[in-house]
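The values are calculated or read from the model by the stated rules, or taken from the named source; none is laboratory data. Computed from a prediction, not measured in an experiment: that's the story for all the values here. Heads up, the Cβs are rebuilt from the backbone with ideal geometry, glycines too, and the neighbour counts pull from every protein chain shown.
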Amino acid sequence: MDALFASGRIVDLILALVAAEALLLVWLARRRGLARGPLLANLASGAALMLALRAALTGAVWPVVAGWMLAGLLAHLADLTLRLRAARTQRRSPPPAGTTPQTGAFTRGITL
């Protein structure tokens, strides 16, 4: 285990798992018609932080570690921007037509 951490190979193994997870989640999102942008930005943020860890474990100079951390920040900000835009768009859309438990037909008191 010492060699795995000292060489940074542990991060390579984790990144391979993250790549497999990304492929699976993109495939599921495509089948269900979900947005893939926030998902990929979130995974990119985590991957960049893992690459910063790998650089630190292998003794890279600080600008390399800082560069990967900056990449993680940028991916995180992209993720937040995409999520906030989606939430704002969802709030602006009109409610679905029809009767639901939240509409007046179910919530109004009946007076006889």
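Things worth noting here:
- Across segment 1-47, the number of residues qualifying as over 24 Å from A86 (Cα atoms) and in contact with a Gly (Cβ under 6 Å, 6 or more places away or on another chain) comes to 0.
- Cβ-Cβ contacts under 6 Å between residues 6 or more apart (or on different chains), taken from a first residue in segment 78-99 that is modelled with pLDDT under 85 to a second residue that is hydrophobic (A, V, I, L, M, F, W, C), are listed as T99/A105.
- Per-region count, segment 27-72, residues on the phi < 0 side of the Ramachandran plot and outside any helix (DSSP H, G or I): 6
- Checked against (1) more than 14 Å from A75 (Cβ to Cβ); (2) under 15 Å from the mean Cα position of the chain (by Cα); (3) among the aliphatic types (A, V, I, L, M), V11 meets all criteria but (2).
- L24 being free of Cβ contacts under 8 Å to residues at least 24 places away in the same chain and in a helix (DSSP H, G or I): yes
- Taken residue by residue, segment 27-48 has no member that is polar (S, T, N, Q), surrounded by fewer than 18 Cβ atoms within 10 Å (Cβ to Cβ) and touching a residue at least 24 places away in the same chain (Cβ under 8 Å).
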